[in-house]
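J.: The following block contains the structure, expressed as structure tokens.
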Amino acid sequence: MSDEKNIMLYICTGCDIGDSLDIDKLKEVADEDFGVESKTHGFLCGEEGVELIKKDIEAGVNTVVIAACSPRVNYDTFNFPDVIVERVNLREHVVWSHKPKDPKTQMLAEDYIRMGIVKAQKMEFPEPYKEEISKTVLVIGGGVTGLTSALEASKAGYDVVLVEKEPELGGWVKKFKKLTPADPPFREPKEPDVNEKIRQVMENDKIKVYTSAQIKSISGQPGLFDAVISYNGSEEQVRVGSIIVAVGWEPYDATKLENLGYGKYPDVITNVQFEEMVSEGKLIVPSTGKPAKKVAFIQCAGQRDPEHLPYCSSICCMVSLKQALYVREMNDGQAFIFYKDMRTPGQYEDFYKRVQEDPGVFLTKGEIKGVSKTDGGMLVEVTDTLLGEDIEVEVDLVVLAVGMVPRLKKIADKLAEAEEEKEEAEEGTEAKEEATTEEESVVEEVSKDEDEIEGILNLTYRKGPELPDLKYGFPDSNFICFPYETQRTAIYAAGPIRQPMGVAESEEDATGAALKAVQALELISKGAATFPRVGDLSYPEFFLQRCTQCKRCTEECPFGALDEDEKGTPKPNPNRCRRCGVCMGACPERIISFKNYNVDMIGSMVKSIHVPEDEEEGLRFLAFVCENDAYPAFDMAALNRMEWHPDVRIIPVRCLGSFNVVWVADALSRGIDGVILIGCKYGDDYQCHFIRGSELANRRMENVQETLERLALEAERVQVVQLPIAEYDKIPQIIQEFIERIEDEFGPNPYKGF
Amino acid sequence: MRESIPSGQLSGNVLVIGGGIAGLSAALEASEAGYDVFVIEKRPYLGGRVAQLYRYFPKLCPPYCGLEILFRRIRTNPKIKFLTMSEVVEVNGTAGDFDVTVKIKPRYVDIAKCTACGECAEICPVERENDFNYGMDKTKAIYLPHDLAFPMKYVIDESVCKKEECAKCVSVCKYGAIDLNMEEKTINIKADSIIIATGWKPYDATKLENLGYGKYPNVITNVMMERLASINGPTKGKIVRPSDGKEPNIVAFVQCAGSRDENHLPYCSAICCLASMKQATYLREQYPDSKVYIFYIDIRAPGRYEDFYTKVKEDENIVFVKGKVAKIEEGENGNLIVIAENTLTGEKTRTEVEMVVLATGMKPELSDVKIPLKEIKLDDYGFAFDVPGIYSAGVARAPSDVASVVENATSAALKGIQYAKR
């Protein structure tokens, strides 16, 4: 496709475009500036219009520039396979949002035509990176979550390797007497079926099971992961395509709950210990061995508490209700549940009701004042109750409903410490080398410490050995709409490692993760990207001859797609890549490019803009907008016929993180008076679909601002704005304020006309 | 894939009933794994009820953000086909080999020709209640459902349209996109499996007689509050009282309004605690001097949502009162008196407020709408459970928050494709 481009420009004159603009002048621009022929039609997306284009394609046109409506509509109508199609948004971004028959509106349209043609000229068809991949899913963790993932993936036709640390499969659920109800009428606890699951897994010839096994290391990339499994003193390397981390949880360390009597009194135990005891058929008082007839359950023990676990483990209310029924059933005893809030959402409410109906279970909200030993047993003192007064209850046994801690927590904390030390070291002079050694040594410590393997994945990625910790040790997604989103492509977390959850929820989560794992395999086998740019066949190419080993790309890639050699030269792993272009934005040498999206393309678009020397014709501004949130926001503002300043030209980018600062230089050297970047929110509640894209853009622009000042240009000529997609009503004001500030306070770019 | 009324025998691997966030997520996840999927949606647009929310808890982020990504994935994926204005009227066959009959109601607008230019709506002389804004304002009889309508096409509400008597839209449409004689069509789709993602409707608050909805204009529901706060809502995002347009400075939220109640919805809708806290932040953001009371039975903020509860609690102007509201009485000047028992102190309280928001629950569509699928398994409340070949997702399955919905939709997608003939 890099041979002769046969470009044709099609201008639709429908939807007011023909009425608001001088179409002939637009055709002139295409012809005179680029030698590109153009055709017009009053209803380009109609049958006749599309036929017109199709006929031209049959006659040899191989690059089609369609100046009409937004690329977000008529995506199917203007879908011509094997032809480069570039959409110029004359409707939403010009005619619907600016004054008709106005010279500035006309100039705006002309610039968009110019940019569209330049983009089409520079665009090449992506050639996907395809390698023969493994379609085996690796599941780490053989508890109920891992077992479910393995079974469900196998039922969809895929091979699975299941690695379990303990000698037996089944995890926690093997030690549970019953499970909380998960089916209507939600009134009775149910029998665990984990043994059945284990049997199914063991009999399934698509699933290979390793027990007493851990992952020593994983290297490679999605589709081509090499996992070294260490078990029974030997090692085996397997090739897998995608990975599910289902290693689960541990109970919160109750020795930290001395105030509730744990550790002090043998008759204060945790909910986990209680469950283990009853599943062996006993319900006794530890200190005497006699049957426990009165049991107190203390909810939120060491949870919802900034001193311990700040979060709620979501299932302990249900578990204590279930355990209260054991007390009734096994010993005809009495149960007392002291809670802060009774959390039985959805149909679980029916279970709460059923337990409330039982006269042998007493429930009240309350704060625990104290737990102490008496002659008769244990005394629990409760205040702030629903009874309006403090109460004291004497019981045989106290059960603390402690919370779930993800098994990533310890290692996440260690890695965070190492990161901090590295950053502190970087402030010194011998920074980089020491620090890298520091981090490497932690990685080693973590993965090769004698015979003990501490980590879960032990990835040999430059960006770290484990899934990043979102919060509290949970490697969860920060996106409400995309809970399986992962910062390490084709590696998914499922079950309580991801979020505190019960068994029914874990099984569902395991199934969802299995879908993502097999879906990743299918996409990668085609050389296509996974979420969010699903199906994208382009990938970044590196012209390494000019690499200066600055390591910005390897450091800034949000997904750890780039490893490094000893010198610091990036080693790309295309299957890990999400095609966001953050690396492209980071590179000061501009050696990274996509076939259909690159620095030269956007730079050329910038340089194609007509910058008037006469101030009467207005100043010129660029708005680089992120495709995901900001571009649709502009479309919606236009749909509502909101107008914004005609001196700004919008250039969509995949992510603000892909913005390369050279474009600022390109703009300013051409006399453009200001550059604004509009994209997704960053910070704790980040919205940026590529994790850190907009944050990085903001940081880079701050550096640019410093450079500007040294050139005697004002820093405010470059701005980064966070715009939530639904706040499109703010667009006119944002643009206006940006432009007015520069016009009133600084005036035109002093380099204009040079 | 563009929506079009297809011809010929259609077949796919998975047929998803419902095009809200659950249905779309299930459909996309399955199609991206390589399978052919159909989505059948009743409304004229995809996105369902989350499109009618202002923000999601706990990040307070806009639903349009996630929806746009879903729509973008639909645009670029030829393996997913959707039909709006459509309902399933018959299902024959068995799991692995379903034959589904779909009725496509006439939009009266040809989606192959409509450019969404809006000239028709400008000239239309008839108005209708805007169901997108829960009846709080009006649109014309021919209308675009909302700013992020997907597909971006107009639709005519046939219950109010004067049809041939008027036909002004027809004469003004430059693209000949309006066909007032459009007829209902019926098509057949073969599918290996079915995913039910029919979602929910808000519980009818007029049934809560003691709480004043329908009687007192300043008693609104949580779904209405979302519209008031949205810039494409009836008041362009300014939260004001229905009776007089006044800015409400003291607002009470009544939790479990008609939920956890044998006389109404016995179950808990799982999200209303968090939703009310979220809406309290809307008020506090718009009116920094405002005060908000939340009357609750239990605050259900499971997992890491507890952090959101902790954050909201830090605002001194948001007061949590544990006590079920017994009655709402009329006060003066449109105000309301909230009568509740503070269960911790035992006192009966009377709190005068300027507006009341009832946190009403979610009722599954299938509790009163029938899908002609005999194997479907519903519980007493109308929530659907999995049977071989027929899987439920989203609130059709259980009341839940968006993250859980997408999770179980992804799980349903895998179950659905396990049935597919490769």
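The values are calculated or read from the model by the stated rules, or taken from the named source; none is laboratory data. Everything numeric in this text was worked out from a predicted model, so none of it was measured. Using ideal geometry, Cβ is built from the backbone for each residue, glycine included, and neighbour counts are taken over all protein chains shown.
J.: Is there a residue being more than 10 Å from chain A (Cβ to nearest Cβ), touching a Phe, Trp or Tyr at 6+ places or on another chain (Cβ under 9 Å), crowded, with 20+ Cβ neighbours inside 10 Å and among the aliphatic types (A, V, I, L, M) anywhere in region B:394-414?
T.: Yes, region B:394-414 contains a residue that is more than 10 Å from chain A (Cβ to nearest Cβ), touching a Phe, Trp or Tyr at 6+ places or on another chain (Cβ under 9 Å), crowded, with 20+ Cβ neighbours inside 10 Å and among the aliphatic types (A, V, I, L, M).
J.: To continue, here is another question. Could you say whether any residue in region A:681-704 is surrounded by fewer than 23 Cβ atoms within 10 Å (Cβ to Cβ), more than 15 Å from A:CYS626 (Cα to Cα), free of Cβ contacts under 8 Å to residues at least 40 places away in the same chain and of a type in the set (S, T, N, Q)?
T.: No; the residues of region A:681-704 include none that is surrounded by fewer than 23 Cβ atoms within 10 Å (Cβ to Cβ), more than 15 Å from A:CYS626 (Cα to Cα), free of Cβ contacts under 8 Å to residues at least 40 places away in the same chain and of a type in the set (S, T, N, Q).
J.: Name every residue in region B:286-313 that is crowded, with 22+ Cβ neighbours inside 10 Å, among the acidic types (Asp, Glu) and more than 7 Å from chain A (Cβ to nearest Cβ), in order of residue number.
T.: Passing the criteria: none in range.
J.: For region A:286-318, give me each residue that is outside any strand (DSSP E or B), of a type outside the set (Ser, Thr, Tyr) and surrounded by 20 or more Cβ atoms within 10 Å (Cβ to Cβ).
T.: Across region A:286-318, the qualifying residues are A:ALA292, A:GLY302, A:ARG304, A:CYS312, A:ILE315, A:CYS316, A:CYS317, A:MET318.
J.: Being assigned to a helix (DSSP H, G or I), in contact (Cβ under 8 Å) with a residue 12 or more places away in the chain and in contact with a Leu (Cβ under 8 Å, 6 or more places away or on another chain) is true for just one of A:ILE678, A:ILE742, A:ILE672, A:ILE735. Which residue is that?
T.: A:ILE742
J.: Listed residues A:LEU708, A:LEU696; which is in a helix (DSSP H, G or I) and over 28 Å from A:GLU617 (Cα atoms)?
T.: On inspection, the qualifying residue turns out to be A:LEU696.
J.: Looking only at region A:466-476, count every residue that is within 9 Å of chain B (Cβ to nearest Cβ), buried (at least 23 other Cβ atoms within 10 Å of the Cβ), in a loop (DSSP other than H, G, I, E, B) and not charged (D, E, K, R) and tell me the total.
T.: Matching residues across region A:466-476 total 0.
J.: Which residue, of B:LYS278, B:LYS322, B:LYS327, B:LYS291, is of a type in the set (Lys, Arg), within 30 Å of B:GLY48 (Cα to Cα) and touching a residue at least 12 places away in the same chain (Cβ under 8 Å)?
T.: Exactly one residue qualifies, and that residue is B:LYS278.
J.: I would also like to ask the following. Scan region A:157-168 residue by residue and report those that are outside any strand (DSSP E or B) and either surrounded by 23 or more Cβ atoms within 10 Å (Cβ to Cβ) or away from chain B (no Cβ under 14 Å) (or both).
T.: Across region A:157-168, the qualifying residues are A:GLU164, A:LYS165, A:GLU166, A:PRO167, A:GLU168.
J.: May I pose another question? Failed condition for A:LEU537, given (1) part of a loop (DSSP other than H, G, I, E, B); (2) surrounded by 24 or more Cβ atoms within 10 Å (Cβ to Cβ), with all others met?
T.: (2) is the only condition that A:LEU537 fails.
J.: Can you name the residue in region A:67-82 that is more than 9 Å from every other protein chain (Cβ to nearest Cβ) and over 19 Å from A:PHE634 (Cα atoms) and is also surrounded by the most Cβ atoms within 10 Å (Cβ to Cβ) among such residues?
T.: Applying the filter and picking the extreme gives A:PHE78.
J.: For region A:395-413, give me each residue that is under 26 Å from A:PHE336 (Cα atoms) and either in a strand (DSSP E or B) or without any contact (Cβ under 8 Å) to a residue 60 or more places away in the chain (or both). Walk me through it before giving the result.
T.: Restricting attention to region A:395-413, the residues satisfying the condition of being under 26 Å from A:PHE336 (Cα atoms) are A:395-405.
Residues satisfying the conditions are A:VAL395, A:LEU397, A:VAL398, A:VAL399, A:LEU400, A:ALA401, A:VAL402, A:MET404, A:VAL405.
J.: Which residue out of B:SER269, B:SER276 is at pLDDT 95 or above, at negative phi and part of a helix (DSSP H, G or I)?
T.: The match here is B:SER276.
J.: If a residue must be touching a residue at least 12 places away in the same chain (Cβ under 8 Å) and surrounded by fewer than 18 Cβ atoms within 10 Å (Cβ to Cβ), how many such residues does region A:17-36 contain?
T.: Residues meeting the conditions: 5.
J.: Scan region A:503-510 and tell me whether some residue there is within 8 Å of another protein chain (Cβ to nearest Cβ) and not in a helix (DSSP H, G or I).
T.: no
J.: Would it be correct to say that A:SER313 is touching a residue at least 40 places away in the same chain (Cβ under 8 Å), more than 12 Å from chain B (Cβ to nearest Cβ) and among the hydroxyl-bearing types (Ser, Thr, Tyr)?
T.: For A:SER313, the condition - touching a residue at least 40 places away in the same chain (Cβ under 8 Å), more than 12 Å from chain B (Cβ to nearest Cβ) and among the hydroxyl-bearing types (Ser, Thr, Tyr) - is not met.
J.: Which of (1) touching a residue at least 60 places away in the same chain (Cβ under 8 Å); (2) touching a helix residue (DSSP H, G or I) at 6+ places or on another chain (Cβ under 8 Å) does A:GLY753 not meet, given it meets every other one?
T.: That leaves (2) as the condition not met.
J.: Separate question: Anything in region B:23-79 that is modelled with pLDDT under 95 and closer than 30 Å to A:ASP684 by Cα? List them, or say none.
T.: Listed by number, the list is empty, since nothing qualifies.
J.: Quick one: how many residues across region B:77-122 are within 14 Å of chain A (Cβ to nearest Cβ), among the polar types (S, T, N, Q) and not in a loop (DSSP other than H, G, I, E, B)?
T.: Number of matching residues: 0.
J.: Can you tell me which residue within region B:31-76, out of those that are among the basic types (Lys, Arg) and under 15 Å from B:ALA197 (Cβ atoms), is farthest from the other protein chains (Cβ to nearest Cβ)?
T.: Top of the filtered list is B:LYS42.
J.: Separate question: Would region B:316-327 turn up any residue that is surrounded by fewer than 19 Cβ atoms within 10 Å (Cβ to Cβ), in a loop (DSSP other than H, G, I, E, B), within 14 Å of chain A (Cβ to nearest Cβ) and not polar (S, T, N, Q)?
T.: Among the residues of region B:316-327, at least one is surrounded by fewer than 19 Cβ atoms within 10 Å (Cβ to Cβ), in a loop (DSSP other than H, G, I, E, B), within 14 Å of chain A (Cβ to nearest Cβ) and not polar (S, T, N, Q), which makes the answer yes.
J.: Let me ask something else about it. Could you grab the pairs with beta carbons closer than 7 Å, sequence gap of 6+ or different chains, first residue in region A:225-237 and part of a strand (DSSP E or B), second one of a type in the set (Ser, Thr, Tyr)?
T.: From residues that are part of a strand (DSSP E or B), the pairs are A:ASP226/A:SER219; A:VAL228/A:SER217; A:ILE229/A:TYR210; A:TYR231/A:TYR210; A:TYR231/A:SER212.
J.: So, in region A:705-735, how many residues would count as being surrounded by 15 or more Cβ atoms within 10 Å (Cβ to Cβ), within 14 Å of chain B (Cβ to nearest Cβ) and of a type outside the set (Phe, Trp, Tyr)?
T.: Matching residues across region A:705-735 total 10.
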